[in-house]
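Worksheet: the structure to be examined is printed underneath.
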Amino acid sequence: MRTADRLKKIPPYLFMELRNKIAQARAAGVDVISLAIGDPVEPTPQPVIEELARAAHEPANHRYPTDEEKGMLAFRQAVAKWYAERYQVALDPGTEVIALIGSKEGCHHFVLARVNPGEMVLMTDPGYPAYRASILMAGGEPVNVPIRAEDNYLPRLTDIPTAVAKRATAMFLNYPNNPTGATATSAFLRELVEFARTFDIAVCYDNPYIEVVFEGEKPLSFLSVPGARDVGVELNSLSKPFNMTGWRLGMAVGNKELIAAISQVKENTDSGVFNAIQFAGITALSRCSENIGRMLEIYARRRTRLLGALADVGIRFAPPHGTFYLWVPTPKGLSSIEFATLLFEQAHVVVAAGTAYGQYGEGYVRFSLTVSDDRLDEALQRVRKALR
């Protein structure tokens, strides 16, 4: 059976490849520990689970979701309240907020809502692979913008050729950054707004790790910068702050024209999020903020352990202050693939090779902190043994 040509342009999805690799090894009896995928093992807060159960028993919620593609007004109001209280951003829940089936979906719908076939879309390298796939499926042309350690993994917007900037219609950015863990500054975001305004570039600021910051960093919303909502939208998610990755609930907020366009795409693509999950999301946003601090303590502890283990084998570096990942330089003489392969074969520990995120990911691998403490300790013992 012939399939669409567009699929041939899309590289294999990193995390599906990793899952297949892990499954094959485990089927062969190997005790594999995966530090490659960012999926918290801690449970969703109990009040959220209880609210889901309550709402799931309501027959009215068994029908198509309320307001379908936009999301329940009550959920959008809860999002607006959260943004006002946490990030000092005022949002109109009627026109500037939309519910998403996770922020990943929002990336795809943003491209379909903004980009015409053949138009350029800027994305960082290294960067989240799903951006490239969404751009290609919409017929756009991905353009890599390097981010480097010496620039704190922020793109040099002034280095983007004017001819390219004039042809670009959109740009993906993600801070706190996956995979590097870098955080943005208000000064950079102001520069970004001016750049986007100058070249009429719509910004998709993917911000699901906004709450996962360490060492004095504060959560920073793109929309807190003056003029940001004139040039773009921010995507966010309940997955990371509330351990709800499997629930698939997020939001797009910001520019009302882009929100309306994303809504138009969604109304022709899906029928929205199950009402019961949205009610559970309201509970998370209104009653479970303490879960964030609890998880940050856990991740900070694991982060310290991982940094210590790496230092024991001669890998020392100053990590950025965001996400539950560590972007780790490879030992001298080893490429990203070689180091990841060594850890898999010698320690049965899986990490993500930096080149999976772009050519500028060479020389790095990404470790995730979303495993239990005992499994992390076991993994670190194996890593020490393999690298000594």
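The values are calculated or read from the model by the stated rules, or taken from the named source; none is laboratory data. The structure displayed is predicted, hence computed values, not measured ones. In this analysis, Cβ positions are derived from the backbone assuming ideal geometry, glycine residues included, and neighbour counts consider all displayed protein chains. Just the protein is used for accessible areas: all its heavy atoms, side chains included, with ligands, DNA and RNA removed. Shrake-Rupley method; radii C 1.70, N 1.55, O 1.52, S 1.80 Å.
Tabulated data
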| item | result |
| --- | --- |
| Sequence-separation-based contact order of the chain, relative, with Cα cut under 8 Å and 6+ spacing, percent | 24 percent |
| Helical contribution to [θ] at 222 nm, DSSP H n ≥ 4, -39,500 (n - 2.57), averaged over the chain, rounded to 500 | -12500 deg cm²/dmol |
| Kirkwood-type radius of region 36-174, with distances r between different C-alpha atoms, in Å | 18.2 Å |
| Cα point-scatterer Debye curve for region 237-285, base-10 log of I(q)/I(0) at q = 0.22 Å⁻¹ | -0.89 |
| Region 257-388 - Kirkwood radius from inverse mean 1/r over Cα pairs (Å) | 17.6 Å |
| Efficiency of FRET from Cβ geometry, residue 185 and residue 297, R₀ 25 Å, rounded to 0.05 | 0.50 |
| Unit charges on C-beta of K, R, D, E only; dipole of the chain, Debye | 660 debye |
| Region 287-388: relative contact order as a whole-number percent, Cα under 8 Å and 6+ apart | 29 percent |
| Kirkwood Rh and Cα Rg combined as Rg/Rh, region 61-131 | 1.05 |
| For region 117-259, radius of gyration divided by Kirkwood radius, i.e. Rg to Rh on alpha-carbons | 0.94 |
| Rg/Rg_globular for the chain, with Rg_globular taken as 2.2 N^0.38 Å and Rg from C-alpha atoms | 0.98 |
| Protection-proxy order for peptides 79-88, 372-381, 100-109, each taking the mean of Cβ atoms within 10 Å per residue, highest first | 100-109, 79-88, 372-381 |
| GluC sites (Glu not before Pro) within region 231-288, DSSP loop, no more than 10 other Cβ atoms inside 10 Å | none |
| Candidate aspartates and glutamates - alpha carbon under 14 Å from residue 21, same-chain residues fewer than 8 apart omitted | 31, 345 |
| Directionally averaged shadow of region 200-240, computed from the convex hull of its alpha-carbon atoms, nm² | 3.3 nm² |
| Mean projection area, nm², convex hull over Cα of region 150-208 | 4.1 nm² |
| Principal axis dimensions, region 1-70 - Cα atoms, whole angstrom, descending | 44, 39, 20 |
| Ellipsoid equivalent to region 173-323 - semi-axes via the Cα gyration tensor, in Å | 30, 23, 13 |
| Using a Förster distance of 56 Å, the FRET efficiency for residue 21-residue 90 (Cβ separation, nearest 0.05) | 0.75 |
| Virtual paramagnetic centre 7 Å along Cα→Cβ of residue 152, amide N under 20 Å, in region 125-139 | 125-127 |
| Average accessible surface area per residue within region 176-225, 1.4 Å rolling probe, Å² | 32 Å² |
